[in-house]
Amino acid sequence: MKILVTGVAGQLGHDVMNELAKRGIDGIGSDIADTYSGAADGTAVTTMPYIPIDLTDGDAVHARIIFEQPDAIIHCAAWTAVDAAEDEDNQPKVRSINFGATKNIAKVCQELDIPMMYLSTDYVFDGQGTQPWEPDCQDYKPLNVYGATKLAGERTVTANLDKFFIIRIAWVFGTNGKNFIKTMLNLGKNHSEIKVVSDQIGTPTYTYDLARLLVDMIQTEQYGYYHATNEGGYISWYDFTREIFKQAVELGHTEYTEEHVKVLPVTTEEYGISKAARPFNSRLDKSKLAANGFEPLPTWQDALKRYLQAIEF
């Protein structure tokens, strides 16, 4: 089996390529840069086959994918800077990446009659209420440009393909790139007090764990919509920060004790500053995974522990 993975300079694409290598599956990485530009960490992705593609160029996408003849495509590439997506000057680019590029890939997958896996987000919903969003729910009401363009990506996949996986994820962290955990660790080193929102609720997703699930799924014909985050219960960003510092202290980083840095809960309204409206309810119902024979991800607490042990801080 040969699988093309887009966005390999990002957190998830990086880990998906390494998971393919672990299993002896041929992986071809792709991103916008001329050569692989992700973390030079010596893992398999850094030496695996790589092709540069501007995914917003339909002709280029068609030519390269037809030439490579993959058996499936895992589409991880996306514009994910949620606040920057609100800038009027950025919006055409955001749409061309999250919708246009996705449409280009879907059309080639249709031509080759191969499955496509599209990574989406809970931001396609309005984030209201307290009930977990079910994967087949179609009550779409994105609150911001990022969510609207990711929803447009979902719709072009389903319009062009029958063999698709749409995987909605949330609160993503991985070793290759920026994320909430790294931001909190950096703030904790330099501040005696940190304010973190406590009224946005969801579950973190470790890309290392998610990559395993995605590779499991792409080798099946269990097509459709899924939600995938780590297990371990729903929490707020405030709860997550408290656990990040607690585990950091357990690893010997005493600069994160409560004596050195206090974590204070605030509401989204009190926190302010965000350009993009954020969902309060990012709870995702993941029961469809087990129902269709897939192994759920480990708990987010366990994922955090392994992640902190894997990075330098």
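The values are calculated or read from the model by the stated rules, or taken from the named source; none is laboratory data. The structure displayed is predicted, hence computed values, not measured ones. Every residue, glycine among them, receives a Cβ derived from its backbone with ideal geometry; neighbour counts consider all protein chains shown. The protein model used for the area step is the full one, side chains on, heavy atoms only, and it has no ligands, DNA or RNA in it. Shrake-Rupley method; radii C 1.70, N 1.55, O 1.52, S 1.80 Å.
Can you confirm whether residue 107 is over 23 Å from residue 144 (Cβ atoms) and either among the polar types (S, T, N, Q) or in contact (Cβ under 8 Å) with a residue 24 or more places away in the chain (or both)?
yes
Quick test for you: out of 229, 183, 207, pick the one residue that is within 21 Å of residue 38 (Cα to Cα) and in contact with a Leu (Cβ under 7 Å, 6 or more places away or on another chain).
Residue meeting the stated conditions: 207.
Could you count how many residues in the stretch 107-154 are assigned to a loop (DSSP other than H, G, I, E, B) and acidic (Asp, Glu)?
The total comes to 5.
State which residue is most open to solvent (accessible area, probe 1.4 Å) when the search covers only the stretch 31-50 and only residues that are in contact with a helix residue (DSSP H, G or I) (Cβ under 8 Å, 6 or more places away or on another chain) and among the small types (Gly, Ala, Ser).
Ranking the candidates gives 40 first.
Restricting to the stretch 56-92, what's the tally of residues that are part of a helix (DSSP H, G or I), closer than 23 Å to residue 171 by Cα and charged (D, E, K, R)?
Residues in the stretch 56-92 being part of a helix (DSSP H, G or I), closer than 23 Å to residue 171 by Cα and charged (D, E, K, R): 1 in total.
Every residue in the stretch 154-172 that is more than 14 Å from residue 108 (Cβ to Cβ) and in contact with a His (Cβ under 9 Å, 6 or more places away or on another chain), please.
The answer is 167, 168, 169, 170.
Among the residues of the stretch 153-174, is there at least one that is among the polar types (S, T, N, Q), open to solvent by 10 Å² or more (accessible area, probe 1.4 Å), closer than 26 Å to residue 209 by Cβ and touching a residue at least 40 places away in the same chain (Cβ under 8 Å)?
No: zero hits.
Can we say residue 22 is of a type in the set (D, E, K, R) and either in contact (Cβ under 8 Å) with a residue 60 or more places away in the chain or open to solvent by less than 20 Å² (accessible area, probe 1.4 Å) (or both)?
Against the criterion (of a type in the set (D, E, K, R) and either in contact (Cβ under 8 Å) with a residue 60 or more places away in the chain or open to solvent by less than 20 Å² (accessible area, probe 1.4 Å) (or both)), residue 22 does not qualify.
Where in the stretch 195-313 are the helices (runs of 4 or more DSSP H), entirely inside, with at least 2 residues that are open to solvent by less than 40 Å² (accessible area, probe 1.4 Å) and within 27 Å of residue 86 (Cβ to Cβ)?
Here the list reads 207-218, 237-250.
Conditions tested, residue by residue: (1) crowded, with 17+ Cβ neighbours inside 10 Å; (2) without any contact (Cβ under 8 Å) to a residue 40 or more places away in the chain; (3) more than 21 Å from residue 159 (Cβ to Cβ); (4) among the charged types (D, E, K, R).
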position: 59; (1), (2), (3), (4): no, yes, no, yes
position: 72; (1), (2), (3), (4): yes, no, no, no
position: 79; (1), (2), (3), (4): yes, no, no, no
position: 114; (1), (2), (3), (4): yes, no, no, no
position: 131; (1), (2), (3), (4): no, no, yes, no
